[in-house]
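Below is one structure, written out as structure tokens, with a few remarks after it.
The values are calculated or read from the model by the stated rules, or taken from the named source; none is laboratory data. No experiment lies behind these values; they were computed from the predicted model shown. No Cβ is skipped: glycine too gets one built from the backbone with ideal geometry, and neighbour counts run over all protein chains shown. To get the accessible areas, we keep the full protein, side chains included, count just its heavy atoms, and leave off ligands, DNA and RNA. Shrake-Rupley method; radii C 1.70, N 1.55, O 1.52, S 1.80 Å.
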Amino acid sequence: MEASTALRRIAFLLERSQAATYRVKAFRTAADAVTAMGGDELANRVAQGSLESVRGIGPRTAEVIRESLAGATPGYLERLEEEASEPLAQGGEALLAELRGDCHTHSDWSDGGSPIAEMGRTAAELGHEWSVLTDHSPRLTVANGLSPERLRRQLDVVAELNEQWAPFRLLTGIECDILLDGSLDQEPELLERVDVVVVSVHSKLRMDAAAMTKRLLAAVRNPHADVLGHCTGRLLGKRTRPESEFDADEVFAACAQAGTAVEINCRPERLDPPRPLLRRAVTAGVLFSIDTDAHAPGQLDWQIHGCARAEECGVPADRVITSWTADRLLEWTRGKADG
């Protein structure tokens, strides 16, 4: 295994296991440093014992590089691979096997940690046929949301990458903020142009239930809205946040009528919607999108969390849009936008 490949694989496995960001960054930075050096310089530095003098390479990453160049699998990588052999969730394997893509991912154009190309390549390596890039919309400044001009530039970047990646397809999209009145935070022309629009609430999550219901109803009925993202906004674990309050039955009924899918968010700190609401969404007859909401390559492997919960709550596989082909998905989203 090449040293850069080993370093990136370690970073992927650390992300997958929710390791601290600084640990992941150390291995990705070292991988970039190795790539920039080239094989001859790398071999010379290993021979001279000067690896640690290279900016971005420390003792742990240098050890991985030396073991790789010696033709061995780095011991740290072996340990992580052994840990990764344990399933992330119990159940969900049958539904996971049906999935073809992911409708909610982020890059370093907004608040993700990796370039678009790395996110796309990783999705393809995981066996996805397609993935949707959904960086944030402009008013979410804390997440470096995309202005209309930046989103237009991103569309050109994605088009260029897709010329290299066939048959894998990176679809264009946005995670569009639902504003207080239920309108969507992006120019309608751009919402029409992108392939998939995920709509999510990121502000005033504690507004009263009647107002939040009205806000969500307006959003999911918008013809540009394809997927309702992390509908309760809750957070689990160390940084907790309670669920937003709204009339779930009314919102899910509106989703079913408008054809807007309800996201099953796979992030371990979200797992949104909670099981009781997920079962009510099944009863309402909505479509579902099992999405990672990945902000780093290793997080693209988190779909099993959503699949396990979906199977547990009786989500029918034929109502999961992430099991569709890209052509079927695009036919659906374009049909919604056309009214």
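Tabulated results
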read-out: Helix 75-84 axis, angle to the chain major axis (alpha carbon atoms, nearest 10°); value: 20 degrees
read-out: Gaussian network model of the chain, springs between alpha carbon atoms under 10 Å - residue of Gly237, Gly173, Gly112 with greatest fluctuation; value: Gly237
read-out: Average accessible area per residue (Å²) across the stretch 154-282 - probe 1.4 Å, nucleic acids and ligands excluded; value: 41 Å²
read-out: The chain - percent of accessible surface contributed by carbon and sulfur, probe 1.4 Å; value: 49 percent
read-out: Lysine pairs in the chain with Cα atoms under 26 Å, if 8 or more residues apart or on separate chains; value: 4
read-out: The stretch 183-259, Rg to Rh (Cα coordinates; Rh as Kirkwood inverse mean 1/r); value: 0.99
read-out: Residue-normalised accessible area of the stretch 9-70, given per residue in Å² at a 1.4 Å probe; value: 54 Å²
read-out: If the convex hull is drawn through the Cα atoms of the stretch 289-339, its volume per residue in Å³; value: 98 Å³
read-out: Sparse-neighbourhood loop sites, trypsin sites (Lys or Arg not before Pro) in the stretch 83-185 - DSSP loop, at most 16 other Cβ within 10 angstrom; value: Arg139
read-out: Restricting the stretch 1-97 to GluC sites (Glu not before Pro) in coil, as DSSP defines it, with at most 15 other Cβ within 10 Å; value: Glu2
read-out: Gaussian network model of the chain, Cα within-10 Å springs - most flexible of Asp291, Asp102, Asp318; value: Asp318
read-out: Over the chain: helical MRE at 222 nm, DSSP H runs n ≥ 4 each giving -39500 (n - 2.57), nearest 500; value: -14000 deg cm²/dmol
read-out: Candidates Gln303, Gln154, Gln90: whichever shows maximal mean-square fluctuation once the chain is modelled as a Gaussian network with Cα springs under 10 Å; value: Gln90
read-out: For the chain, alpha-carbon Rg over 2.2 N^0.38 Å; value: 1.04
read-out: Cubic angstrom per residue, convex hull over Cα atoms of the stretch 235-339; value: 116 Å³
read-out: With Cα atoms, 0 to 90° folded angle of helix 116-125 axis to the chain main axis; value: 90 degrees
